[in-house]
Amino acid sequence: MKIVDARVIVCSPGRNFVTLKLMTEDGLHGLGDATLNGRELAVASYLSDHVVPLLIGRDARRIEDTWQYLYKGAYWRRGPVTMTAIGAVDTALWDIAGKAMNVPVYRLLGGRSREAVMVYGHANGADLESTLSAVEKFRAAGYHAIRVQCAVPGLEGTYGIGRGDMFYEPATRGAPPQSTWSTERYLTFIPPVFERVRREFGPELHLLHDVHHRLTPIEAGRLGRLLEPYHLFWMEDAVAAELQESFRIVRRHTTTPLAVGEVFNSIYDCTTLIQEQLIDYMRATVVHAGGLTALRKIANFAEVYHVRTGCHGATDLSPVCMAAALHFDLSVHNFGLQEYMRHTPETDAVFPHAYSFEGGLMDPGEAPGLGVDIDEAAAGRHPYERAYLPVARKLDGTVHSW
Ligand code: EZ4
Ligand code: CO
């Protein structure tokens, strides 16, 4: 089953997406998400200029071999651009494999380990009252798990605070917006927010919080300790993710469960974290960690150390990645929780999909392959527009950590 054609489709139905479409000689096609938020065209070029020429004529059934060929054969291993490109190829090949065998991808991954996939939504507010009403909206929509973010008074544009009700988009078109940051104000403000949310919503709801890599290890230890009475499901990205050893300090000071990894692109980003049991949830995604082939290996490794998965699922991961994540979540034994941010109607129209949400749970559906398609004519009506994530500065103007 030879690959005969490949297209890299860049579109912007409300936000930018890069999608790889592979075609086989027997008329099947497979899709892979290749979106790297704020650096989209680098991956598009990596694919068109360097990877697609290697794919034409290859056997689409050789998924593992193609992964190894692109990873080891490039000499330059790892990095978000490379791994996103490899992830797109790998995802498209799993999609084709499912279609060729007429089964949904989760069946190829070992079948269901559970009946459905629990997801969490994003409740964001500009102040405490609007945060509480956002939590209520998600609870009323059936969510069992809700991430709670609240703007810190006096700080401009706290990251993670949405611009709409059930929608949230982290990137902004044009130049990178600037936000301000003060660790002192943040650490004082956040614990009472959770105290209030717990008081209003009771002990059962799973509550999560994303620190977006903003703290030092000892500050993160302090926040985790202050949040212990409100028993979070997880505290995410407490410190910058590249120094794995810093989690030893955080871990020493708090029993609040820790999640990290939305910026990881390889198993080598988390070997210490996993083997020393420094984290509870590993958040790498299908698209950025090199596809289903690579993410499954990370999850299998993590299972040995009681670390569960908690895949990133923001709006910058396209519906193709969302579908792949759901097939993965349904099948992998040590699944924990899946992030789910609803896409805009424009995005959903470009990517018709079989996955569904009901009562806080999601299911990838029974369509063969991933169960997602791309309407190329609709995609063509939404041309790319450069966009960036914001850059944060401390009150004295120093660029702050992500
Ligand atoms: O910052 O998707 O948990 N979700 C998040 C997201 C990420 C963006 C980065 O592209 O932290 O908002
Ligand atoms: Co996050």
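So what is log10(I(q)/I(0)) for segment 141-265 at q = 0.15, 0.16 1/Å, when the Debye sum runs over its Cα atoms only?
-0.74, -0.85
Considering only protein heavy atoms and a 1.4 Å probe, what is the carbon-and-sulfur percentage of the accessible area of segment 1-98?
So the carbon and sulfur contribution to the accessible surface is 53 percent.
Quickly estimate the mean residue ellipticity at 222 nm for the chain, helices only: each DSSP H run with n ≥ 4 gives -39500 (n - 2.57), and the total goes over all residues, rounded to 500.
Numbers: 14 runs with 141 residues, N = 402.
Computed mean residue ellipticity for the chain: -10500 deg cm²/dmol.
Compute the Cα gyration tensor for segment 15-58, then decide on rounded, prolate or oblate, letting a ≥ b ≥ c be the square roots of its eigenvalues: rounded whenever a/c is under 1.5, prolate when a/b is larger than b/c in the other cases, and oblate in all that remain.
Oblate is the answer for segment 15-58, as a/c is 1.5 or above yet b/c matches or exceeds a/b.
Just round it to a whole percent: the fraction of Cα-Cα distances in segment 1-135 exceeding 25 Å.
So the portion of pairs separated by more than 25 Å is 39 percent.
What is the angle, in °, between the Cα long axis of helix 291-304 and the longest principal axis of the Cα atoms in the chain? Nearest 10 is fine, range 0 to 90.
50
Suppose we keep just the DSSP beta bridges with both residues in the chain; what percent of those would be antiparallel, to 5?
Antiparallel bridges make up about 45 percent of those DSSP assigns within the chain.
On the protein heavy atoms, probe 1.4 angstrom, tell me the percent of accessible surface of segment 247-402 carried by carbon and sulfur.
Values: 2930 of 5660 Å².
Here it works out to 52 percent.
Can you check what the net charge comes to around ASP316, using other residues whose Cβ is under 12 Å from the Cβ of ASP316 (Lys, Arg +1; Asp, Glu -1)?
-3
Rounded, prolate or oblate for segment 327-402? Axes are the square roots of the Cα gyration tensor eigenvalues, ordered a ≥ b ≥ c, and the cut-off for rounded is a/c under 1.5.
Oblate.
What whole-number value in Å² describes the accessible area per residue of segment 220-367 for a 1.4 Å probe?
Values: 4780 Å² over 148 residues.
Accessible surface, normalised per residue, equals 32 Å².
Over 26 Å between Cα atoms, which of LYS72/LYS297; LYS99/LYS297; LYS21/LYS137; LYS21/LYS297 qualify?
Violating the 26 Å Cα-Cα cut-off are LYS21/LYS137.
Among GLY365, GLY27, GLY160, determine the one that fluctuates most according to a GNM of the chain built with springs between C-alpha atoms less than 10 Å apart.
GLY27
Distance in nm between label sites at THR188 and GLU200, each 7 Å beyond Cα in the beta-carbon direction?
About 2.3 nm separates the two model spin labels.
Rounded if a/c is under 1.5, else prolate if a/b beats b/c, else oblate: with a ≥ b ≥ c from the C-alpha gyration tensor eigenvalues square-rooted, which is segment 168-212? Please list the in-between numbers first.
On the way: a/c = 3.83, a/b = 1.75, b/c = 2.18.
Since a/c reaches 1.5 but b/c is at least a/b, the shape of segment 168-212 is classed as oblate.
Lys and Arg at +1, Asp and Glu at -1: add these up for the other residues within a Cβ distance under 11 Å of LEU389 and post the number.
Once all neighbours under 11 Å are counted, the net charge is -1.
Any chance you could run the full-extension gain for GLU64 through ARG248? It's 0.36 nm times the residue separation minus the Cα-Cα distance, nm to one decimal. Working shown, then result.
Working: separation 184, 0.36 × 184 = 66.24 nm, distance 3.43 nm.
Gain on stretching GLU64 to ARG248: 62.8 nm.
With every protein chain kept in place and ligands, DNA and RNA left out, what is the accessible area per residue of segment 1-130? Probe 1.4 Å, answer in Å².
Numbers: 5240 Å² over 130 residues.
That works out to 40 Å² for each residue.
Using unit Cβ charges (K, R positive; D, E negative) and no other charged atoms, how large, in debye to the nearest 20, is the dipole of segment 1-118 about its Cα centre?
260
The values are calculated or read from the model by the stated rules, or taken from the named source; none is laboratory data. What you see is a predicted model, and the numbers here were worked out from it, not measured in a lab. All Cβ positions, even for glycine, are placed from backbone atoms using ideal geometry, and neighbour counts span all protein chains on display. Quick note on the areas: whole protein, heavy atoms, side chains included, nothing else; ligands and nucleic acids left out. Shrake-Rupley method; radii C 1.70, N 1.55, O 1.52, S 1.80 Å.
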